[in-house]
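Bear in mind these aren't lab numbers, they're just calculated from the coordinates by the rules spelled out. Quick caveat, the model's predicted, so the values are computed rather than measured. Backbone-built Cβ (ideal geometry, glycine too); neighbour counts: all protein chains shown.
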Amino acid sequence: MRGRLHHVVEVDDVSTARADQAYVFANRPSQDHTTAFRSVERLCQHAERQGTHAWQQAMPELQEFQRNFPKDPQAWVALARARLATGAKRDAFRAVQEALSLKEDIDLGLSLNVLAAQGYSDTHKWPLVIKHAEAALALRPSDAETRILLLRALVSNKEGKSAKAQETVRLLMQADRLRGISLLREVAESSRSAADKHYWLSAALAGARAGGSPPQRQLLRDLAEASLVLDRREDALKLFEEAFYHPEGLADEDTAKSLAQMYLRNQRSKEAMEVYRVALQSFPGSAVLVRSYGQLLLKEKRTAEAIGAISRGAKLAPAVEASSLHQLLAELHQSLGQTGEALIAWEAAASLNPESPVAWRGLAAAARQDVPLQLRALRKLAQLEPGNAEWHAQLAAKKLATTHASGDAEATKEVEADLDRALRLCPSNALALEQKALMMERAGKDAQALDFIEVAAKENRTSKEVLEAAATARWKRGHFPEAVIWYQELEHLDSENCLWPTRLAQAALRQGQVAKAQAWLVSAGERLKRAEKALDQPKPPVVAEVRSWLGYGHLLQDNAKAALETLQKVPSGLGSASAFIFEALARRQQGEDTAAALRAAQKAEPRLAEVMYEMLPALPSRFMQHVEALLMQLKALPSEAGYPRTLDEYAKGRPVEVYSKSGGRWFPGEIVQAKDEMVKVRYLVESKDPNAERQWCEKLLLCSSDSLRPAPPKGEAPAMKVLEPAPSAAPAPKGIDVEAAIHRQTVQSVQRAPTPALGSKKEVEEEPRKVMLNPDDLQVGKVLGSGGFGAVYRGTYLGQEVAIKKLHLIDGQVTPEQKQEFKKEVENLSRLRHPRLVSLIGAALVAPSLMIVTEFMPNGSLYEALHQRKLALELEKRFKIATQVSEGVSFLHSKQPTPFVHRDLKSMNVVMDFELNAKLCDFGLTQSMEKTHISRRDNEGGSPRYMAPELFDSRGKITEKVDIWALGCLIVEVISSRLPHEECTSIQQVMTKTLVQKQLPFTDWRGVSLDIQRLAELCFVFPPDGRTNARHLLEGLNRLTRN
């Protein structure tokens, strides 16, 4: 400060050059103002020459002068100079303020003007800051600090874009370019609006370029991001490119990712890949880059390369980042159905980052078939999240399942400790309560187990899970009156659950209260309808039980037809013995064959003949003759031919025979392990080389597998089981004669020559089939969905992931109606090839079942995406899906010489691939218009919510206009995520609204733009001839998308 004052304060050296300190102090201020003022001037001049010590010595005289003349602004200025020189800046600023209050335009000099500008800056008085900074700069234009202060004041006073500010920036750049650039970036960061930020960063970049040296990479990146906010994409792209290829060397990871994303926005995926490839050469272990690169490869459908890139990145990345990449790899393998590879990846992720709960959660979920590994994962989760009761409960449940088989007392104590810990953390944890009660039951303490559950329920009367556990415990023990009490309490907590009224109805029926039971069943049916539309849908076993008893309710009302319709909606594979008996009774009333239903019931309940009356509570006497007939038919049923189908019939160590498809024969073996309807078998295989030793092989099979049978008793020849060799697969040609192919294969399977003896090299020959796929090349996986004619499964064909539609059997046979449906859909799929239609891979006949194999769409149906998963789709993506659906319909309607009508357009029949590209599926109702319309049959109208008005008339004519009405429904549904006729809960309500009230499917256009509304209304014209066509609809969507 001393140096600054020495240079900036104006000093008159002429009159004081020869004065010494003694002379100065001899001339102290007197009461005469003029004399005193001159004395003070000399003191200040002397202090300026001598420095801080002289100012300290002059301070008493200056203070006395100020006290004697408090209204003199010069007295305050002199005191301010002294205080500033001695380091008391705050006191100096107060003195300046006093001087300015006495005289606004007083000359403060350089140092005090700078002080005033700084002081007013602290109090945000920006006009005063500007005034004093300009005064200081007038005395010293080269003072960069003061110019910075002036620029800040101008910006804060909303004068940042004024000519004065621009001139300040120019002069600042001349004085100190680097500091000027730094200041402009600071101003940009503090800017409140995106436009101001972009303005200051642009000024900083212009200043940097004017200096002749390359601008800093971070400045380029900041300006690029600011340009993106203002939607200046071309500018942003150029800036990102300049930052990425900067002379300083390869850019950082964020710049590389930003540039790649810019290329992708401009549909330049090749350049984006090149950016990632170059960046990964310098940052091979960057999880951010590897993840983005892998996702881009997946988007380009280069799955193998994506897996390779992520795998390489995981090997090179640091442990924590490598764990993250292995998690990504595991999710990728899971999406591809590669469970083994997914498990390996989850295990690697957990081992690389043992403190990651996400990795251990994934491992626990993936290792369901590997008990030791899953136990390890659950133990780790219990350590990482000790306050999570669910992990302790799951760990205990898994341990309990294993200790029950081993009978280890020490392990049982561990399970009990885990359960106690879970219940301490969460007394209402239903899984822990159930497992605790199960332990008591296994120890022979059934009454104590029941008391334990009910005490917990009484203590947690607001917990639905605990109350349901108590109700279930009573129900499975047959304590129906006690169970009813708990279910009634549950009804008070939640009046939307569909299972509880079903149980209350069953209990009422057991007490003969038919009317009360029917009321509960009506309530259960209404709740089930609402639940199936909700996001959190009931579990399939619950749906199966509810539908079964709804069917029984129809039976009690003598409505066998409605009972059959309801019972046929029971989810595939979940029918109980009661459901099959209800079906058999309904078919008996309808005069239909009951053998298949009886066989299924007997399979589900071996003691069927003994308990059949118990399974039909409150059955009226008029039904007794039907029940007696069913019992007689049950006794006359032939015993099931074939091989054991349950786990109990396959004990460990039991001798069996295993069929090897590669060897083409049966081999002797034994059961190594049996659990959960699965058996592991070991069998001895002879090598083709006579000099080689025989080898042991192992297989994991279902108990019901056709490749497994018990070994015959000694001295008895084995019963031959025909396993036909697989025909060669070939793609289905255009115009398949499906009927002939089905007939040919059926005849061949009946008239096949006897199977040669074991060990014979002669093979059974059969005519090559050009239409059908080789059934052995198909692997059927889990069910994706089920409909009236069949279920759709996820599976593989020759390693390729596919969707397999398998038709339901009626009494073990393929019906003529199913045959016709099968023929129609395969013919349609083979003849209709378009990017917006699912592609046919082929068809297969595994007598007597029919299967259609198509490409697999991993993102499921549009209905699931919008109404179950509730995906937050951007408007651009919604327009794209609507346009793609319209493209598919436009293609069908444009077929020459006769257009095709889909007839069942709905969001469930729109499926999506990995990138959410939409395709139409389910062509069972699709038919070409041979003349001007199609004559309809019953149940061929489509789905009620999407049906055009003419489809509700059985005499109505079907034209392509029915698709236009449904397409309008789909477009609005895609844009708004709302179902057509969303307020209607029955087909009667839809018919009344459409035919009587003449209302459109959508009366509330919330979330739909006016343009889309107008486009949809062109589809919702009641006279079919007045509706628009698919081509015009597609053109309208394309026009809206471009705009």
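For GLN369 and LYS158, the FRET efficiency from 1/(1 + (r/R0)^6), where r spans their Cβ atoms and R0 equals 60 Å, is about 0.30. With a Förster radius of 22 Å applied to the C-beta separation of LEU995 and ASP1025, the computed FRET efficiency comes to 0.75.
Semi-axes of the equivalent ellipsoid of region 308-440 are 31, 15, 12 Å, computed as sqrt(5λ) over the eigenvalues of the C-alpha gyration tensor in descending order.
You can think of it this way: the chain between GLU414 and ASP953 has 187.3 nm of extra reach, that is 0.36 nm per residue less the Cα-Cα gap. Modelled label positions at ARG192 and ARG90, each set 7 Å beyond Cα in the direction of Cβ, lie 3.0 nm from each other. Segment LYS819..GLU355, full-extension length gain: 161.3 nm, with 0.36 nm per residue of separation and the alpha-carbon distance subtracted.
Taking label points 7 Å from Cα along the Cα-to-Cβ direction, LYS299 and GLN896 give a separation of 3.8 nm. Length available on full extension from ARG477 to GLN779: 0.36 nm per residue minus the Cα-Cα distance, which gives 104.7 nm.
Normalised size of region 465-552, defined as Cα radius of gyration per 2.2 N^0.38 Å with N residues, equals 1.01. Packing-based ranking of 576-586, 32-42 yields 576-586, 32-42, ordered from highest to lowest mean Cβ neighbour count within 10 Å. Cross-link check: pairs LYS299/LYS699; LYS819/LYS870; LYS529/LYS823; LYS539/LYS961; LYS516/LYS569; LYS782/LYS906 evaluated at a Cα-Cα cut-off of 27 Å; pairs beyond the cut-off: LYS299/LYS699; LYS819/LYS870; LYS529/LYS823; LYS539/LYS961. From most to least packed by mean Cβ count within 10 Å, the peptides 877-885, 490-498 give 877-885, 490-498.
Need one number: the % of Cα-Cα pairs in region 110-208 sitting beyond the 22 Å mark. When all Cα pairs of region 110-208 are counted, 23 percent exceed 22 Å.
Once the Cβ-Cβ distance of GLN513 and LEU798 is raised to the sixth power relative to R0 = 56 Å, the FRET efficiency obtained is 0.45. Volume of the convex hull of region 849-904 (Cα atoms only), normalised per residue: 144 Å³.
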